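Participant: Please see the structure below; I have some questions.
The values are calculated or read from the model by the stated rules, or taken from the named source; none is laboratory data. Worth saying up front: this structure is predicted, and the values here are computed from it rather than measured. Virtual Cβ from ideal backbone geometry, glycine too; neighbours counted across all protein chains shown.
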Amino acid sequence: MFLRVACLLILGLLLPTPSTAEGPQELTPASWNTVGERVPAVELPRIDGRGTVDLGTLRGRKLLLIHFASW
Amino acid sequence: MVAAGELQVVGIVQEQHPDRALLFQQWKGLEFPILWDPFGVCGVEAVPDLTAVDEHGVVRIDRPSPKVFQEQFVEGFLSRSFEAPGEMAPGPAPFRVNELARLGGELSVEQRARRAMARLMLAGPEARTIDGEVGALLAAASSGRPRDHFRAGVALRMRFDGPQVRGTDLQASIDAWFAALMGSPNQYIWRRRIQQWGPALDKPYAFYDWVADARAQVQERGDRPVTLRAPLSRAERALRSRSVPVPGREVVAPDPEGRVTRDPGKLVRMEVGVALNTAAAGPRIRIPRGALRLHVVLRPRPGASWPTDAAPPVLWLDPGEGWLLSSPRVGFESPGEGGERRALMVDLELSTPLIALGPPDPNAPPPPSTQTLRGYVVYSVCLPDGTCVFRRQELTAVVRYPGPAGGEPGEPGEPGEQGEESPGGDDR
């Protein structure tokens with residue numbers, strides 16, 4: 001019995017982990033507006049060409065995040 | 001509050017062109033950093049959207065309301081110290097452009113697509129690897145997922161705006177966005193991306209009619225306005241309209257008897273894009289088919305150039321029965337001093353005639369899934385040896401209607417239609 005269980009365990013470890021057909025989990029509107037959840041780990045370039053901003057590093061001060069468009 | 005260091009503000013724009021948002025920032029004097037997310041990696045489906053985040057990175061208010069600003073935002077958020085959260089469940093995979101742009105080794109289709117988006121966000125239309133990045137996003141779009149179609153469209157449009165443009169990029173980007181919207185008709189941002197270049201009859205508002213005022217006011221302040229890399233089309237400046245184009249005074253065709261020598265595209269490459277009204281992205285659309293915006297781009301081939309002392313090109317459209325347009329004759333803008341090699345663009349609106357609405361006839365045959373618009377463009381163009389000639393090039397624009405009658409939106413890049421398969425690089 002023990003040997004059978006051990007073999008199954010080893011087999012399970014050797015088998016490839018099934019990949020998610022959808023790929024990495026994508027962000028949704030809920031990622032930004034669910035109270036109590038951490039803001040997503042996103043680093044995006046600045047439109048003025050002065051590098052990027054990683055939202056994950058903006059700690060220590062409160063943040064107002066505005067998703068908008070100029071139109 | 002910001003000056004006192006109590007609050008930091010960060011904006012994220014969803015637009016195709018970051019320089020327009022930058023001009024907006026300059027015009028309005030916005031002093032907070034604005035980030036660029038043209039591919040929609042943030043997953044936001046509508047703008048504007050505001051989120052208040054505490055000092056530990058935890059969301060505390062979704063869409064702060066101005067009506068209860070004092071109570072909710074000032075007292076309930078700004079004035080309050082929040083406790084550091086305990087261990088939290090891992091969220092979606094992080095999207096960090098610098099990290100993703102450097103991904104190497106064996107990558108899945110999704111990883112290649114994420115790397116492509118990161119690289120394009122960092123380098124823009126001038127990315128040296130843009131062909132590869134477009135390819136990676138098109139490969140991801142073969143999944144059929146709406147967001148992958150949208151992202152492929154963004155990349156195709158970026159290439160259209162850059163030096164590596166291919167003749168099919170203009171229409172291919174619109175087709176990709178339409179495929180995305182067909183899969184997610186409630187995606188407000190994707191719909192706006194099409195409407196930006198679509199007919200005035202489908203616009204919720206003018207998209208970039210503010211640009212002229214912005215430039216003027218920035219100049220009045222003594223500053224130099226941000227230069228827009230990709231020129232604004234008429235469609236993007238057009239005001240929302242509820243009036244169907246009405247034929248104006250009779251105009252003369254530039255070559256009614258077809259006597260002008262034809263250019264089969266050897267001197268000037270013509271690129272055509274049709275942006276349908278987004279109401280066509282519906283489950284079952286019968287006539288009327290609504291309005292569309294026809295975009296025509298003329299690009300001198302290597303060695304050819306526009307003369308600086310001749311009239312600019314003229315488009316003559318003969319769309320056939322059932323179409324309305326203000327004028328079949330449309331003039332391109334002059335290339336201007338120093339613009340002898342630049343692409344010239346024009347766009348115009350066509351609409352089907354209005355019909356009386358009534359119960360649909362179940363016995364009527366389904367409307368055709370495609371219609372063809374025909375016309376021609378006449379232009380003066382100079383050869384490499386300096387000789388300038390007058391030529392005519394035929395225009396064919398295939399309008400493909402999505403929906404059950406039309407099946408899937410047309411595949412991009414069909415040879416012989418609306419541009420060419422050959423990459424821009426091969427022509428140079």
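Participant: Which ones in the range B:18-55 are at the interface with chain A (Cβ under 7 Å from one of its Cβ atoms) and among the charged types (D, E, K, R)?
Facilitator: Across the range B:18-55, the qualifying residues are B:Arg20, B:Asp37, B:Glu45, B:Asp49, B:Asp54, B:Glu55.
Participant: If you don't mind, another one. Name the single residue, out of those in the range B:29-57 being more than 24 Å from the chain's Cα centre (by Cα) and among the charged types (D, E, K, R), that is surrounded by the fewest Cβ atoms within 10 Å (Cβ to Cβ).
Facilitator: B:Glu31
Participant: Is it the case that A:Gly49 is loosely packed, with under 12 Cβ neighbours inside 10 Å, at pLDDT 90 or above and farther than 19 Å from B:Asp49 by Cα? Walk me through how you get there before you give the answer.
Facilitator: On the way: loosely packed, with under 12 Cβ neighbours inside 10 Å: yes; at pLDDT 90 or above: yes; farther than 19 Å from B:Asp49 by Cα: yes.
The answer is yes for A:Gly49.
Participant: Another question, if that's okay. Report the residue count in the range B:207-234 for those that are under 19 Å from the mean Cα position of the chain (by Cα), among the aliphatic types (A, V, I, L, M) and within 12 Å of chain A (Cβ to nearest Cβ). Walk me through it before giving the result.
Facilitator: If we filter the range B:207-234 for residues that are under 19 Å from the mean Cα position of the chain (by Cα), which is where we start, we get B:207-211, B:227-234.
Restricting the remaining residues to those that are among the aliphatic types (A, V, I, L, M) gives B:211, B:228, B:230, B:232.
Filter once more, so that each one left must be within 12 Å of chain A (Cβ to nearest Cβ): B:211, B:228, B:232.
Counting residues in the range B:207-234 that are under 19 Å from the mean Cα position of the chain (by Cα), among the aliphatic types (A, V, I, L, M) and within 12 Å of chain A (Cβ to nearest Cβ) gives 3.
Participant: Pull up the range B:160-173, narrow it to residues that are part of a helix (DSSP H, G or I) and in contact with a Pro (Cβ under 9 Å, 6 or more places away or on another chain), then point me to the one that is surrounded by the fewest Cβ atoms within 10 Å (Cβ to Cβ). Spell out the reasoning first.
Facilitator: Our first condition is that a residue be part of a helix (DSSP H, G or I); within the range B:160-173, this holds for B:160, B:169-173.
In the following step, the residues that additionally are in contact with a Pro (Cβ under 9 Å, 6 or more places away or on another chain) were identified as B:160, B:169, B:171-173.
Details: B:Phe160: 24, B:Asp169: 28, B:Gln171: 27, B:Ala172: 27, B:Ser173: 28.
So the residue we want is B:Phe160.
Participant: Just for the range B:391-412: of the residues that are crowded, with 16+ Cβ neighbours inside 10 Å and hydrophobic (A, V, I, L, M, F, W, C), which one is modelled with the highest pLDDT?
Facilitator: Narrowing the range B:391-412 to residues crowded, with 16+ Cβ neighbours inside 10 Å: B:391-393, B:395, B:397, B:399-403, B:406, B:409-410, B:412.
The next check asks that each one be hydrophobic (A, V, I, L, M, F, W, C); those that pass are B:395, B:397, B:399.
Details: B:Leu395: 97, B:Ala397: 94, B:Val399: 90.
Checked the range B:391-412; the qualifying residue modelled with the highest pLDDT is B:Leu395.
Yes/no matrix, rows are residues, columns are (1) touching an Asp or Glu at 6+ places or on another chain (Cβ under 8 Å); (2) assigned to a loop (DSSP other than H, G, I, E, B); (3) without any contact (Cβ under 8 Å) to a residue 12 or more places away in the chain:
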{"site": "B:Ala235", "(1), (2), (3)": "yes, no, no"}
{"site": "B:Val246", "(1), (2), (3)": "no, yes, no"}
{"site": "B:Val251", "(1), (2), (3)": "no, yes, no"}
{"site": "B:Pro254", "(1), (2), (3)": "no, yes, no"}
{"site": "B:Glu257", "(1), (2), (3)": "no, yes, yes"}
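This table checks each residue for (1) closer than 24 Å to B:Asp37 by Cβ; (2) touching a His at 6+ places or on another chain (Cβ under 6 Å); (3) surrounded by 17 or more Cβ atoms within 10 Å (Cβ to Cβ); (4) not small (Gly, Ala, Ser).
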| residue | (1), (2), (3), (4) |
| --- | --- |
| B:Gln187 | yes, no, yes, yes |
| B:Lys203 | yes, no, yes, yes |
| B:Asp213 | no, no, no, yes |
| B:Asp223 | no, no, no, yes |
| B:Thr227 | yes, no, no, yes |
| B:Leu232 | yes, no, no, yes |
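Participant: Another question, then. For B:Leu181, work out the one condition from (1) surrounded by 22 or more Cβ atoms within 10 Å (Cβ to Cβ); (2) facing chain A (nearest Cβ under 10 Å) it doesn't fulfil.
Facilitator: It is condition (2) that B:Leu181 fails.
Participant: Restricting attention to the range B:132-157, which residues are part of a loop (DSSP other than H, G, I, E, B) and charged (D, E, K, R)?
Facilitator: First, the residues of the range B:132-157 that are part of a loop (DSSP other than H, G, I, E, B): B:142-145.
Result: B:Arg145, single match.
Participant: I'd like the full set of residues that are touching a Leu at 6+ places or on another chain (Cβ under 7 Å) and closer than 23 Å to A:Asp48 by Cβ, limited to the range B:131-162.
Facilitator: B:Glu133, B:Ala155, B:Met158
Participant: Let me ask you something else. Only residues that are surrounded by 12 or more Cβ atoms within 10 Å (Cβ to Cβ) and without any contact (Cβ under 8 Å) to a residue 40 or more places away in the chain: list them for the range B:70-79, please.
Facilitator: Of all residues in the range B:70-79, those surrounded by 12 or more Cβ atoms within 10 Å (Cβ to Cβ) come to B:72-78.
B:Gln72, B:Phe73, B:Val74, B:Glu75, B:Gly76, B:Phe77, listed by residue number.
Participant: I'm trying to understand the selection: among the residues of the range B:259-270, which are in contact with a Phe, Trp or Tyr (Cβ under 8 Å, 6 or more places away or on another chain) and either closer than 30 Å to B:Gln25 by Cβ or assigned to a strand (DSSP E or B) (or both)?
Facilitator: Hit for the range B:259-270 is B:Val268, nothing else.
Participant: Follow-up question, since we're still on this one. Within the range B:1-38, which residues are without any contact (Cβ under 8 Å) to a residue 40 or more places away in the chain and assigned to a strand (DSSP E or B)?
Facilitator: B:Gln8, B:Val9, B:Val10, B:Gly11, B:Ile12, B:Val13, B:Ile34, B:Leu35
Participant: OK, next. For the range B:59-108, what are the residues that are part of a helix (DSSP H, G or I), more than 38 Å from the chain's Cα centre (by Cα) and either at pLDDT below 80 or facing another protein chain (nearest Cβ under 9 Å) (or both)?
Facilitator: The answer is B:Phe77, B:Leu78.
Participant: Hey, could you check the range A:27-71 for residues that are outside any loop (DSSP other than H, G, I, E, B) and more than 23 Å from B:Ala21 (Cα to Cα) and say which is nearest to the other protein chains (Cβ to nearest Cβ)? Give the steps one after another, and end with the answer.
Facilitator: Residues of the range A:27-71 outside any loop (DSSP other than H, G, I, E, B): A:30-33, A:38, A:42-46, A:52-57, A:62-68.
From what is left, the residues that are more than 23 Å from B:Ala21 (Cα to Cα) are A:30-31, A:33, A:38, A:56-57, A:62.
Working: A:Ala30: 8, A:Ser31: 6, A:Asn33: 4, A:Arg38: 5, A:Gly56: 7, A:Thr57: 9, A:Lys62: 5 Å.
Filtering first and then ranking leaves A:Asn33.
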